[in-house]
Amino acid sequence: MNEAQNPPESDNSQENSSTESRDFIREIVAADLASGKHGGRVQTRFPPEPNGYLHIGHAKSICLNFGVAEENEGGRCNLRFDDTNPAKEEQEFVESIEEDLRWLGFDWGQRIFFASDYFEQLYEYALELIRRGLAYVDSLGAEEIREHRGTLTEPGKNSPYRERSVEENLDLFARMRAGEFEDGAHVLRAKIDMSSPHIVMRDPTLYRIRRAHHHRTGDAWCIYPMYDFTHCLSDSIEEITHSLCTLEFENHRPLYDWVLDALETPCHPQQIEFARLNLAFTLLSKRKLMRLVTDGLVDGWDDPRMPTISGLRRRGYTPEAIRAFCDLIGVAKRDSLVEMTPLENAVREHLNRIAPRYMAVLRPLKVIIDNYPEGQVEEFEAINNPEDPQAGTRKVPFSKELFIEQDDFREEAPNRKYFRLAPGREIRLRYAYFITCTSFVKNEMGEVIEVHCSYDPESRGGSSPDGRRVRGTSHWVSAAHAVPAQVRLYDRLFTKPNPNEVEEGGDFTDNLNPASLELLTECMVEPNLRGLEAESRVQFERQGYFCVDRDSSSERPVFNRTVSLRDSWAKIEKALMG
RNA sequence: UGGGGGGUCGUCCAAGGGUAGGACAGCGGUCUUUGGAACCGCGAAUCGGGGUUCGAAUCCCUGCCUCCCAGCCA
């Protein structure tokens with residue numbers, strides 16, 4: 001939440017120099033600016049429909065639209081809710097969208113608009129279209145309209161109502177508005193060309209009758225304008241110069257231009273299409289994300305496994321990381337499937353710079369230092385962030401009984417490259433002492449439950465006066481001081497790069513990863529980790545970046561793993577095992 | 001079989017007739033009190049076939065592959 005107050009990253013400011021390559025959209029904007037095409041203005045807009053939560057795919061569009069505006073002198077970007085379908089839209093979504101946008105670090109000043117604010121104007125435009133003989137009221141049913149539309153390869157047929165007089169159309173349309181007809185009894189259509197090879201041009205529907213409560217206009221209207229009619233006119237009303245949208249709207253551009261050419265409008269914005277983001281192992285479709293939420297397949301829109309902005313936030317992502325990611329992937333027209341790695345890498349990169357370090361043992365194994373005085377407690381000074389000296393230091397208590405990570409001990413060292421604890425092996429406890437394993441204890445299940453060590457008092461602080469080399473360093477928590485915590489480890493939501501790839505008759509939920517959440521309830525963390533604010537982001541040394549969940553309490557902190565640290569030992573081990 | 005788009009390293013993005021480049025991933029190394037970070041180095045691509053040209057990722061022809069469109073959704 002506090003990030004919203006931070007100015008956007010300016011690290012890349014030098015990349016804006018003219019020698020840097022620009023994407024094709026910025027290229028067009030620059031050329032238009034140079035030629036004075038839109039009177040030297042740059043005005044974009046981000047036009048979400050409030051029918052779901054924003055996701056990382058929207059972030060791409062947001063960064064593009066707000067970015068293009070920001071980069072140009074006097075450039076502006078409007079926030080406009082495309083709320084023309086009352087059946088799907090809700091106030092909750094309007095609020096979440098604004099919140100996510102602000103959190104991402106964008107500002108639209110007073111320029112927040114709603115397509116529904118233009119309903120009256122839009123209605124006037126429709127009247128004008130009718131007067132010009134360019135629109136008519138069709139009384140065919142939905143089914144019949146579909147039949148008349150033809151197919152991809154066959155032209156459509158004119159509706160028998162196509163040649164109604166202007167007067168009759170005006171009268172009917174007014175009565176549609178007045179509520180004289182049942183839902184679906186009539187529609188207003190543009191009169192274009194039923195034999196057009198562009199299906200979108202075969203007399204597209206402009207208005208439909210729909211008695212539904214609208215989140216803003218309430219019951220004031222029973223007719224609602226369609227996207228194709230609304231969007232271009234809204235753009236024009238707001239004097240947008242460049243209307244950036246995704247590729248699936250490329251087919252609609254002839255209609256976008258037709259409407260604006262058919263009417264006298266303030267201006268004629270240029271629609272430019274770019275490829276939407278696809279992210280491997282997840283889904284970027286509001287409809288499908290909604291399904292995950294409503295079917296209880298995830299824990300709400302902000303489940304940390306969700307690719308939503310709110311999910312990423314709860315997962316521990318930063319706005320800076322998301323923006324850096326959007327920067328990295330670029331903008332083009334070709335379909336692509338972006339790997340998860342650059343996203344993870346972006347957050348690692350940012351968190352490495354800002355996240356304070358702590359020690360936390362996720363899967364504890366008891367270590368007893370036999371030659372350490374019973375009852376003695378020492379405090380060691382630990383560096384909060386080696387990347388940031390300003391972050392200072394903290395004290396961590398140490399005593400005879402500790403917890404280390406189960407992974408940091410083996411009954412037998414597997415190979416020469418293994419630097420961790422094993423009988424006879426010496427390791428360093430971070431910031432503390434060198435210890436050597438002398439023995440271990442197993443339970444009746446054959447599991448190691450206790451490791452005995454001796455320590456070298458000379459190695460206090462983590463280095464030995466004789467200069468002997470110790471390759472392995474383990475993090476640890478003093479048993480007597482440890483705070484029990486819960487940690488949630490997240491993995492990819494789906495098992496396939498493209499979750500939509502399913503067996504005949506199946507659907508995307510078949511590809512849900514059953515292991516996307518692993519709950520660790522026995523974790524032991526250093527006392528300094530108690531009482532952090534929700535959404536605090538930290539690094540657990542040697543493990544990864546974690547974020548304090550809102551379910552956290554000071555008796556029982558709860559952490560979500562944002563992303564693990566790069567783990568080159570895991571790679572070595574994997575390679576060894578073939 | 002209609003119309004509209006798109007095909008460049010594993011991935012994402014450049015090069016707009018003149019040495020195919022960057023980022024990420026990968027691999028190798030240096031350093032290291034996080035097997036983290038940082039730093040250094042190495043491999044790796046123009047969808048196919050013709051043509052124009054001294055010279056083609058780029059221009060022309062042709063073929064192939066792929067995405068989008070038949071909502072009273074956006």
Practice task
As a check on your grasp of the helix formula, calculate [θ] at 222 nm for chain A: sum -39500 (n - 2.57) over DSSP H runs of n ≥ 4, divide by the residue count, round to the nearest 500.
Solution key: -7500 deg cm²/dmol
Exercise for the section: Mind checking the per residue accessible area of segment A:485-576 for me, 1.4 Å probe, whole number of Å²? Expected result: 52
Exercise for the section: Keeping every protein chain in place, order A:107, A:193 by accessible area at 1.4 Å, biggest value first, i.e. largest first. Expected result: A:107, A:193
Problem - Antiparallel DSSP beta bridges within chain A, percent to nearest 5 - result: 70
Practice task
Over segment A:142-202, give the accessible area per residue in Å² for a 1.4 Å probe, as an integer.
Solution key: 59
Practice task
With a 1.4 Å probe and every protein chain left in place, work out the accessible area per residue of segment A:360-478 in Å², rounded to a whole number.
Solution key: 51
Fill in the blank from the handout: Longest principal axis of chain A (C-alpha) makes with the long axis of helix A:319-329 (C-alpha) an angle, in degrees to the nearest 10, of 70
Exercise for the section: Note down the magnitude of the dipole of chain A about its Cα centre, charges +1 on Lys and Arg C-beta and -1 on Asp and Glu C-beta and zero elsewhere, to the nearest 20 debye. Expected result: 1260
Problem - Heavy-atom SASA rank of A:566, A:132 (probe 1.4 Å, accessible area, largest first) - result: A:566, A:132
Practice task
Could you work out how far helix A:56-71 tilts from the main Cα principal axis of chain A, as a 0 to 90 degree angle to the nearest 10?
Solution key: 70
Fill in the blank from the handout: Counting only protein heavy atoms and leaving out ligands, DNA and RNA, the solvent-accessible surface of residue A:440 at a 1.4 Å probe, in Å² to the nearest 10, equals 70
Practice task
With everything on Cα atoms, drop me the angle between helix A:227-237 and the longest principal axis of chain A, reported from 0 to 90° to the nearest 10.
Solution key: 90
Practice task
Heavy atoms only, probe 1.4 angstrom, no DNA, RNA or ligands counted: give me A:267, A:523 ranked by accessible area, highest first.
Solution key: A:267, A:523
Completion exercise
Scanning chain A, every Cys lacking a C-beta partner under 4.7 angstrom -> A:77, A:222, A:232, A:245, A:267, A:437, A:453, A:523, A:547
Handout entry: Cross-link reach list, lysines versus residue A:366, counting only Cα pairs under 17 Å and skipping chain neighbours closer than eight places
Key = A:400, A:442
Handout entry: Accessible carbon and sulfur surface of chain A relative to its total accessible area, %, 1.4 Å
Key = 46
Handout entry: chain A: relative contact order as a whole-number percent, Cα under 8 Å and 6+ apart
Key = 11
Exercise for the section: Please get the size of the charge dipole for segment A:178-320, origin at its Cα centre, with Cβ charges of +1 on Lys and Arg and -1 on Asp and Glu, quoted in debye to the nearest 20. Expected result: 680
Handout entry: lysines whose Cα lies under 18 Å from that of residue A:574, excluding same-chain neighbours fewer than 8 positions away
Key = A:417
Handout entry: residue A:171 accessible area, assembled protein chains, probe 1.4 Å, Å²
Key = 70
Fill in the blank from the handout: Going through A:60/A:333; A:60/A:288; A:37/A:191; A:60/A:88 one by one, the pairs whose alpha carbons sit over 25 Å apart turn out to be A:37/A:191
Exercise for the section: Can you spot the aspartates and glutamates whose alpha carbon is less than 15 Å from residue A:157's alpha carbon? Ignore those fewer than 8 places along the same chain. Expected result: A:138, A:143, A:144, A:147, A:193, A:203
Handout entry: Unit Cα scatterers, Debye sum, segment A:385-459: log10 I(q)/I(0) for q = 0.12 Å⁻¹
Key = -0.42
Practice task
Taking the dipole about the Cα centre of segment A:99-229, with the C-beta of Lys and Arg at +1 and of Asp and Glu at -1, give me whichever of A:150, A:214, A:108 is farthest to the positive side.
Solution key: A:150
Practice task
May I have the extent of the alpha carbons of chain A along their three principal axes, as whole Å values ordered from largest to smallest?
Solution key: 102, 53, 43
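The values are calculated or read from the model by the stated rules, or taken from the named source; none is laboratory data. Since the model is a prediction, treat every value here as computed from it, not as a measurement. Note that we place each Cβ from the backbone using ideal geometry, even for glycine, and neighbour counts take in every protein chain shown. Ligands, DNA and RNA are excluded from the accessible area calculation, which covers all protein heavy atoms including side chains. Shrake-Rupley method; radii C 1.70, N 1.55, O 1.52, S 1.80 Å.
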